[in-house]
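Q: Let me begin by handing over the structure; questions about it come next.
The values are calculated or read from the model by the stated rules, or taken from the named source; none is laboratory data. Computed from a predicted structure; not experimentally measured. Glycine gets a Cβ as well: all are built from the backbone with ideal geometry, and neighbour counts include every protein chain shown. With ligands, DNA and RNA removed, areas are computed over all heavy atoms of the protein, side chains included. Shrake-Rupley method; radii C 1.70, N 1.55, O 1.52, S 1.80 Å.
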Amino acid sequence: LKDQFDNLDKHTQWGIDFLEKYAKFVKERIEIEQNYAKQLRNLVKKYCPKRSPKDEEPRFTSCIAFFNILNELNDYAGQREVVAEEMGHRVYGELMRYSHDLKTERKMHLQEGRKAQQYLDMCWKQMDNSKKKFERECREAEKAQQSYERLDNDTNATKADVEKAKQQLNLRTHMADENKNEYAAQLQNFNGEQHKHYYIVIPQIYKQLQEMDERRTIKLSECYKGFADSERKVIPIISKCLEGMILAAKSVDEHRDSQLVIDCFKSGFEPPGDFPFEDYSQNIYRTISDGTISTPKQEGMRIDSKTTVGKAKGKLWLFGKKPKPQSPPLTPTSLYTSSTPNGSQYPIFSIEPVHYCMSDIKTGKPRIPSFRSLKRGHFCLQGPALEDFSHLPPEQRRKKLQQRIDELNRELQKETDQKDALIKMKDVYEKNPQMGDPGSLQPKLTETMSNMDRLRMEIHKNEAWLSEVEGKVAARSDRRHSSDINHLVTQGRESPEGSYTDDANQEVRGPPQQHAHPNEFDDEFEDDDPLPAIGHCKAIYPFDGHNEGTLAMKEGEILYIIEEDKGDGWTRARRHNGEEGYVPTSYIDVTLEKNSKGA
């Protein structure tokens with residue numbers, strides 16, 4: 001039975017350990033739910049759009065659906081937090097409190113059992129001591145009797161010795177009788193306590209331990225149920241979140257998104273017209289008619305755009321080439337002129353000026369300080385945006401102006417309603433002076449009238465700009481028709497590949513201006529060639545190029561294309577004098593060469 005008590009001690013301890021083990025499991029599950037909810041919220045926060053101006057808000061159905069899904073996912077994360085909170089309150093907290101109470105109750109029952117066992121052991125020791133004492137006294141009495149009988153039978157023994165042995169025998173016999181009585185009393189007492197211990201005390205303690213263990217099992221069952229109920233309660237809300245995600249997915253409309261893209265990027269520009277025929281044979285006919293012999297040689301020495309531009313070798317310098325020291329000035333003997341049929345003269349260079357022009361193109365100072373900022377379309381941050389949106393294409397400019405006019409009209413309507421309300425209030429005050437002073441409304445009424453005048457002026461100004469844009473679009477359409485009729489007649493103008501034009505300013509190809517600053521760049525980019533031309537373009541609209549890194553151009557000007565538009569709306573171009581920069585792609589009519597190595 002003592003061993004069974006130890007077994008019950010071990011079993012109840014195992015039950016408490018299992019309870020705490022399950023509590024630890026619930027705690028880790030709560031931490032998982034909390035971390036999961038936290039990570040979901042961080043994910044939603046990462047991909048949610050920042051607060052942006054109204055114009056930059058997402059309008060595509062796919063974007064709106066994605067943001068709706070993020071909102072539903074955020075609600076889903078909130079439900080995971082509810083699950084964690086419910087588990088922590090109903091399961092984990094209850095388990096920890098019950099575990100503490102269970103340990104206290106178990107300790108009390110075990111202490112009672114140990115006390116009962118100790119008391120029984122003490123009774124047994126007392127009984128055993130009395131038994132041993134009685135046994136010892138019995139042996140002493142037997143020895144005293146044997147000694148008395150020996151002396152009594154001995155004839156040589158004196159009467160005094162016999163009498164003394166007899167007294168000793170009587171004493172030992174009396175002590176043996178007393179110990180016998182004490183042993184009998186202790187034995188009876190021990191038997192009674194042992195019966196009480198094994199039939200009353202211990203069964204009661206075992207019953208209490210059994211009830212405690214059963215309550216522990218019931219509590220575990222309740223916690224298992226609560227664990228599942230915490231998850232089941234949020235399932236309807238989670239289902240709604242998932243249904244919201246499905247509805248968001250169904251709301252995606254590809255046709256609407258395509259129409260938004262069309263409306264957003266519609267520029268209003270007309271497609272480019274056909275290129276006019278450029279007759280290069282007139283110089284040959286002129287040479288034959290003049291009977292000169294120097295023209296073919298000069299024609300062969302004319303600067304070709306391939307020679308001028310060349311290939312890019314080695315490392316490319318950022319936005320241009322490594323500046324070189326200035327080349328020696330061009331000697332007069334190297335410059336020749338020739339006449340055209342209309343009497344104008346154009347310059348022709350010998351081989352030495354070709355080398356000079358090559359060097360001078362390399363030494364032109366690049367005007368583009370940050371390629372990355374331009375590629376990302378951040379060049380507009382370098383200067384304030386124009387109030388009339390003249391930096392935008394016509395169609396986009398018209399949309400912006402129309403939006404601003406609508407906003408100003410709404411503000412004007414608000415101010416008008418406010419003025420009417422103030423006038424009515426003023427009339428009420430004049431009829432009923434006790435309600436208020438009519439003069440107190442005059443400053444506010446004056447301010448409202450001033451705001452209305454200002455808004456009317458703004459509306460008139462923007463409407464004038466809008467009319468100007470619409471007029472330009474109509475005029476450009478007319479100019480487009482006229483150019484289609486007359487482009488076959490125009491001859492003798494210079495193409496981007498290096499042919500001649502009627503404009504004397506474009507025909508003269510003198511040395512470009514020197515902008516060499518050798519100390520502004522690192523030495524590791526020395527001896528690099530300029531980028532090759534991959535095509536040419538014609539300016540449809542003038543561009544001022546105030547921002548650094550851009551290239552100003554006039555309407556109708558011909559430029560070399562050295563880098564295509566990468567999707568940011570800007571094309572890198574070069575003038576005939578070697579000056580490079582970025583121009584708006586929507587402002588030019590681009591023609592790329594079939595051979596991309598250069599014109």
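Q: Exactly one condition in (1) open to solvent by less than 80 Å² (accessible area, probe 1.4 Å); (2) within 60 Å of the chain's Cα centre (by Cα) is false for residue 101; which is it?
A: (1)
Q: For residue 157, indicate whether it is outside any helix (DSSP H, G or I), on the phi < 0 side of the Ramachandran plot and surrounded by 12 or more Cβ atoms within 10 Å (Cβ to Cβ).
A: Details: outside any helix (DSSP H, G or I): yes; on the phi < 0 side of the Ramachandran plot: yes; surrounded by 12 or more Cβ atoms within 10 Å (Cβ to Cβ): yes.
It is true that residue 157 is outside any helix (DSSP H, G or I), on the phi < 0 side of the Ramachandran plot and surrounded by 12 or more Cβ atoms within 10 Å (Cβ to Cβ).
Q: Moving on. Restricting to segment 230-246, give me the number of residues that are acidic (Asp, Glu) and without any contact (Cβ under 8 Å) to a residue 24 or more places away in the chain. Before you say what the answer is, go through the steps one by one.
A: Filtering segment 230-246 for residues acidic (Asp, Glu) gives 231, 243.
Filter once more, keeping what is without any contact (Cβ under 8 Å) to a residue 24 or more places away in the chain: 243.
The qualifying residues number 1.
Q: Exactly one condition in (1) surrounded by 11 or more Cβ atoms within 10 Å (Cβ to Cβ); (2) out of contact with any helix residue (DSSP H, G or I) (no Cβ under 7 Å at 6 or more places or on another chain); (3) not in a helix (DSSP H, G or I) is false for residue 267; which is it?
A: (2)
Q: Something else now. Of the residues that make up segment 222-235, is at least one more than 30 Å from residue 118 (Cα to Cα), outside any helix (DSSP H, G or I) and assigned by the TED database to the domain that holds residue 98?
A: As a first pass, look at segment 222-235 and keep what is more than 30 Å from residue 118 (Cα to Cα): 222-235.
Checking which are outside any helix (DSSP H, G or I) leaves us with 234.
Add one more test, that the residue is assigned by the TED database to the domain that holds residue 98, and what stays is 234.
Among the residues of segment 222-235, at least one is more than 30 Å from residue 118 (Cα to Cα), outside any helix (DSSP H, G or I) and assigned by the TED database to the domain that holds residue 98, which makes the answer yes.
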